[in-house]
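The values are calculated or read from the model by the stated rules, or taken from the named source; none is laboratory data. Model, not experiment: these values are computed from the prediction. Backbone-built Cβ (ideal geometry, glycine too); neighbour counts: all protein chains shown.
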Amino acid sequence: MSQNETCREITAFLDEYCENRLAQSAQRAFEAHIAQCPDCLRFLASYRTTRELGRQALSGATRASPDPESTPTPPERLIQAILRAKTAPGSDSPPGQGLPRPPPRG
């Protein structure tokens, strides 16, 4: 990579740079460009943030499901209000059969 690399060419090396896999000369050229290009510096920061968020999301996906005992229970008032709404006049859904269907479009 030379000192004359463009911003577009720099983006091709982001992963290698973040993983410290660039040759020393390429790394120096990359860092020289980043030092003088605020747009690429912001893009690098955004790229690093995106990678970290991806790692966090994947690590959360591999964890066990939350403990049912620690999951909040809906308030009884809310449960009763939903049940009343389902059995209210005009509801075409029997209790326990889901939400009422919207009226057909005209």
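Things to note:
- Considering the conditions (1) assigned to a helix (DSSP H, G or I); (2) modelled with pLDDT of 90 or more, ASN20 is excluded by exactly one of them, (1).
- Cβ-Cβ contacts under 9 Å between residues 6 or more apart (or on different chains), taken from a first residue in segment 23-39 that is in contact (Cβ under 8 Å) with a residue 12 or more places away in the chain to a second residue that is surrounded by fewer than 16 Cβ atoms within 10 Å (Cβ to Cβ) and of a type in the set (Gly, Ala, Ser), are listed as ALA29/SER2.
- So GLU9, is it surrounded by 11 or more Cβ atoms within 10 Å (Cβ to Cβ), in a helix (DSSP H, G or I) and under 28 Å from the mean Cα position of the chain (by Cα): yes
- Of all residues in segment 16-63 being basic (Lys, Arg) and within 19 Å of THR6 (Cβ to Cβ), the one that is surrounded by the fewest Cβ atoms within 10 Å (Cβ to Cβ): ARG42
- Members of segment 46-76 found to be modelled with pLDDT under 75 and among the hydroxyl-bearing types (Ser, Thr, Tyr), listed by number: THR62, SER65, SER70, THR71, THR73
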